[in-house]
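K.L.:
Pasting a structure here, questions to come.
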Amino acid sequence: MRPGTAASLGGAGSRAAGEQRPLTSVAAGARFRGDEPQDTPRLWHVTLSVSGREAPLTEVRRALEQLAHDHPFLLTSRYAGDHAEIRYWEEARDLHDAAAVALRLWGEHRQTAGLPPWEIVGLEVIDRATYHQRVAEGYGPAPASPVGVHPF
């Protein structure tokens, strides 16, 4: 392949079959220069549910507060001794990218935030329009208020 072609620059044609692209949050605004509408970052509402063995409530709360401090994008967390739910907005190109980031969140920050060794048991990722439609119709998650870490 010649230098300067799409495949040599890391385009879709340069990946081997089954090879994953790197997954990160997508930057937007003036820095974004995508040509296609599908490349424009969108907002996705994420609800991540985790559970596992009972842990002291004070440790769970402290860990979730540390996670929120480290990552201020978190809207709200609810917790009990054996499960928690984290809700936030993620900016990503598509649902696949938003879900991939969400699925890595708990494991990647378990050590730094001191999170319990729980497993992810649920994930919902919906686009902004669907979120607002659900709230307007009265069956979606209530807007995150108050923001922060709260017991169930």
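K.L.:
If you count only protein heavy atoms and use a 1.4 Å probe, how large is the accessible surface of residue 94, to the nearest 10 Å²?
P.N.:
Here the residue's solvent-accessible area equals roughly 40 Å².
K.L.:
Follow-up question, since we're still on this one. Which value, in Å² and to the nearest 10, is the accessible area of residue 135 when all protein chains are kept and the probe is 1.4 Å?
P.N.:
50 Å²
K.L.:
Further question on the same structure: Run the 1.4 Å probe and let me know the accessible area of residue 49, rounded to the nearest 10 Å².
P.N.:
30 Å²
K.L.:
Mind ranking 147, 101, 46 by accessible surface for me, highest first, 1.4 Å probe?
P.N.:
147, 101, 46
K.L.:
First select every other residue whose beta carbon is under 12 angstrom from the beta carbon of residue 52; then total the charges, Lys and Arg +1, Asp and Glu -1.
P.N.:
Surrounding charge for residue 52 is -1.
The values are calculated or read from the model by the stated rules, or taken from the named source; none is laboratory data. Keep in mind that what you see is a predicted model, and the values were worked out from it rather than measured. Cβ coordinates were reconstructed from backbone atoms using ideal geometry, including for glycine residues, and neighbour counts include every protein chain displayed. Surface areas here come from the heavy atoms of the whole protein model, side chains and all, with no ligands, DNA or RNA. Shrake-Rupley method; radii C 1.70, N 1.55, O 1.52, S 1.80 Å.
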